[in-house]
Structures are given as structure tokens and as C-alpha cells.
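To start, the structure under review is shown below, and the notes come after it.
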Amino acid sequence: MSVASKIGAALLIVLLLVLPWLVNPYVLQIVILTITYSMLGLAFALSLKVGLPRFDIAGWWAIGAYATAILVIKTGMSFWLTIPIGGLIAVLLGLLVFSIIIPRGMMVFLLFGMVLTLGIQQILSLKFFGSWGGPGSDCSPS
């Protein structure tokens, strides 16, 4: 990495750190959503580049997000403290699941990813997880 790249990265980090005080909340939300969806797109691109097409990446993101939201709402923990905990829960659950699935071969890996995504969607629609509206909402279907 060249010196110019390091300086550019440092300036970008500084800009992102001071951004909440420079822009209005709407622009800040757009920036956060752009970064979030960019990371999700990069995860898909990386999995395709290494030759492992994955359909379950968004499902694992959902597990981390729901774990974070449940910890914030049900325990009252700080949001910033629950983000790494939610990510760790998703990673550990993924490690457990894929340590069983990966040795079975590529086709099982691919199909299980699709089935797992549908399963995660159904599990997260249970009343404990906030039904279809998510944790903390009253949008459950009657």
C-alpha cells in the first residue's frame, strides 16, 4: 500500500468520524445505508470470486441484526456494545452449521444455503423475534 493510499484511507476515516456533526440526520442515514449495502454487496462479490456462490449471506446478517436488536430491547444494553455481540453470535452459529455442511460437498453447501435462508426467514417471523415487524414492533399479523 502506497503512502498516498494510506493518507487517503486516513482522511476517509476522519471524514466518516466527523460526518455526524457535519450533515443532517437524513444524509447521515443515507450514508449509513450506503455503507451497509456496500458491505453486503462486497460479501456476495467475494463469495462469487472464490467460487462459492452463497445465498445465505443476508440470512446471517439477519441473525446478527436480530441478536443485536433483541439485546438492546430486552436487556437494555448499549447499542454499541451489542453490535459485536450480535456479530459474534452470527459467526459462532455459522461456524457450527458450516463445520457440519462443508465436508458434505459443494452441492450440499449450495442447496443448504438456500434452505437455510428460507428457514432463517421463518424462524425470525416467530412472535419471540417480533413477528414480521422485527423486535420491538407491534406489526404481528393477526
What's the percent breakdown of Cα-Cα distances in region 22-62 across 10 Å bins, shortest bin first?
-> 28, 40, 21, 11, 1
What percent does the relative contact order of the chain come to when contacts are Cα pairs within less than 8 Å and at least six residues apart?
-> 19 percent
Computed over region 53-135: relative contact order in percent, which uses C-alpha pairs under 8 Å that are six or more apart = 39 percent
Along each of its three principal axes, how wide is the spread of alpha-carbon positions in region 1-51, in whole angstrom units, largest first?
-> 42, 31, 9
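I'm a student and want to see the number: the projected area of the Cα convex hull of region 10-88, averaged over all directions, in nm².
One quarter of the hull surface, i.e. the mean projection, equals 6.9 nm².
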Report, in cubic angstrom per residue, the convex hull volume of the C-alpha atoms of the chain.
-> 157 Å³
Given a Förster distance of 30 Å, the FRET efficiency implied by the Cβ-Cβ spacing of LEU11 and LEU92, rounded to the nearest 0.05, works out to 0.25
Given the convex hull over the Cα atoms of region 53-135, what projected area results after averaging over all orientations, in nm²?
-> 5.4 nm²
Förster radius 30 Å - calculated FRET efficiency between ASN24 and THR75 (Cβ-Cβ, nearest 0.05) = 0.45
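We did not get these values from a lab; they are worked out from the coordinates using the rules stated. If you're wondering where the values come from, they're calculated on a predicted model, not measured in any experiment. FYI the Cβ positions are ideal-geometry reconstructions off the backbone, even for glycines, and counts take in every protein chain you see.
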